[in-house]
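Have a look at the structure below before the remarks.
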Amino acid sequence: MEEATAPLVVKPSNIKELAESPDLRFIPSNYVHNSCYSNSSATNDIDDSDSIPIVDFSLLTSHDSHQRSTAIHHLAKTCQDWGFFMVVNHGIPENLMKSVIDCTYEFFNLPEEEKHKFTGKHVLDPIRYGTSFNTSKEKVFFWRDFLKVFVHPHFHSPTKPQSYRDIMLEYSEKLREVARKLLGGICESLGLEESYLDKDLELESGLQIFIGNYYPPCPQPELTMGMPPHSDHGLLTLLIHNQVGGLQVQHQGKWIHVNALPNSLLVNTGDHLEIFSNGKYKSNLHRAVVNNKVTRISVAVAHGPSLDTIVRPASPLMEKENSPSAYYIPMKYKDYLEMQQSNQLNAKSCLERVKIPRS
């Protein structure tokens, strides 16, 4: 009888090379995530519901006060109940979004020696190519290669593919404007001035990270993970993909398959929005699963405060409470980013470290 998994342990260089091994029928044992799939409830608690909230960006930016007020109310409920939503009518051209995905695919198909020029050593390196999440800390790896690029406040880009730089620059600029408008609406939904967060967290010099993810086909997708359950640092993450499913979000204790509308942006709230709102808008737990048929490409762009900004609950929110109490320890964004990215990725473990227990 054949074993369910290959007994060998492979030190990962990149997942693309492993996935393309000609005789790969079983995944190496150090890619098997027993904790994710060892019991039946892990797969039973998955919902294919299409109930994921949709935010119409054109209504949020409308000059009609009633339309905008209704959109902000809907945004508030979405952030409070889900922490995840799809944005439509955002104004980013479909051909630009397609070019972003195509160029990202081209990058991962470059020769290994070209990609390894961008192998980073530190989480704050402006361009970092790698595999899994943090192989220096992990004992079990994830079925994923990545490219992380700091695109604001200082723009960086790989030199190849040739067109990547211009496309990455245009896309990140347009996406930054969408994110700031969304954050303005979120501010108003909290009863704050539209520009409060923008000024308080210094978004003019805020960190924006372009993250390309490569999830190749896996012969035993039920045994591994593309990315584990986790929340994101920062305020908002905006994601697109190549229309191959794999993203799941947690809602009311169940995992929900995300079936993205064409040309939509998938948005999840981050840890620093939870801190800023003093826990009213929780950061969203999500994960990536893989399949055995086709490569999934996604591009997530994280939007955070300025690296040197100390993030704490917004003071006007404290003043509105009957018994003012901050539930999170103030912490410099840079320090939080290094703490999360330098360790194993485990749900909301980093956020738990800065929480103050409620009496």
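Here are some notes:
- Restricting attention to region 242-293, the residues that are part of a strand (DSSP E or B), of a type in the set (A, V, I, L, M, F, W, C) and more than 30 Å from PRO316 (Cα to Cα) add up to 6.
- Matching residues, region 90-105, being open to solvent by less than 100 Å² (accessible area, probe 1.4 Å) and without any contact (Cβ under 8 Å) to a residue 60 or more places away in the chain: PRO93, ASP102
- LYS148 vs. criteria outside any strand (DSSP E or B) and of a type in the set (D, E, K, R): no
- Matching residues in region 130-183 - criterion: being under 27 Å from PRO229 (Cα atoms), modelled with pLDDT under 95 and open to solvent by 30 Å² or more (accessible area, probe 1.4 Å): THR135, SER136, LYS137, LYS139, VAL140
- For region 211-231, filtering for residues that are surrounded by 24 or more Cβ atoms within 10 Å (Cβ to Cβ) and under 22 Å from LYS280 (Cβ atoms) leaves 1.
- Given (1) assigned to a loop (DSSP other than H, G, I, E, B); (2) open to solvent by 20 Å² or more (accessible area, probe 1.4 Å); (3) closer than 22 Å to PHE84 by Cα, number of the condition ASP198 does not satisfy: (1)
- Here the helices (runs of 4 or more DSSP H) wholly within region 55-125 that include at least 1 residues being under 18 Å from the mean Cα position of the chain (by Cα) are 65-81, 94-108.
- Single condition LEU239 does not satisfy, out of (1) closer than 22 Å to GLU106 by Cα; (2) assigned to a strand (DSSP E or B); (3) open to solvent by less than 10 Å² (accessible area, probe 1.4 Å): (3)
- Being open to solvent by 40 Å² or more (accessible area, probe 1.4 Å) and either modelled with pLDDT of 95 or more or in contact with a strand residue (DSSP E or B) (Cβ under 7 Å, 6 or more places away or on another chain) (or both) is a description that does not apply to GLU274.
The values are calculated or read from the model by the stated rules, or taken from the named source; none is laboratory data. Since we're looking at a predicted model, the values are computed, not measured. Cβ atoms come from the backbone with ideal geometry, glycine included; neighbour counts cover every protein chain shown. Note: accessible area is taken over every heavy atom of the protein model, side chains too, but ligands, DNA and RNA are not part of it. Shrake-Rupley method; radii C 1.70, N 1.55, O 1.52, S 1.80 Å.
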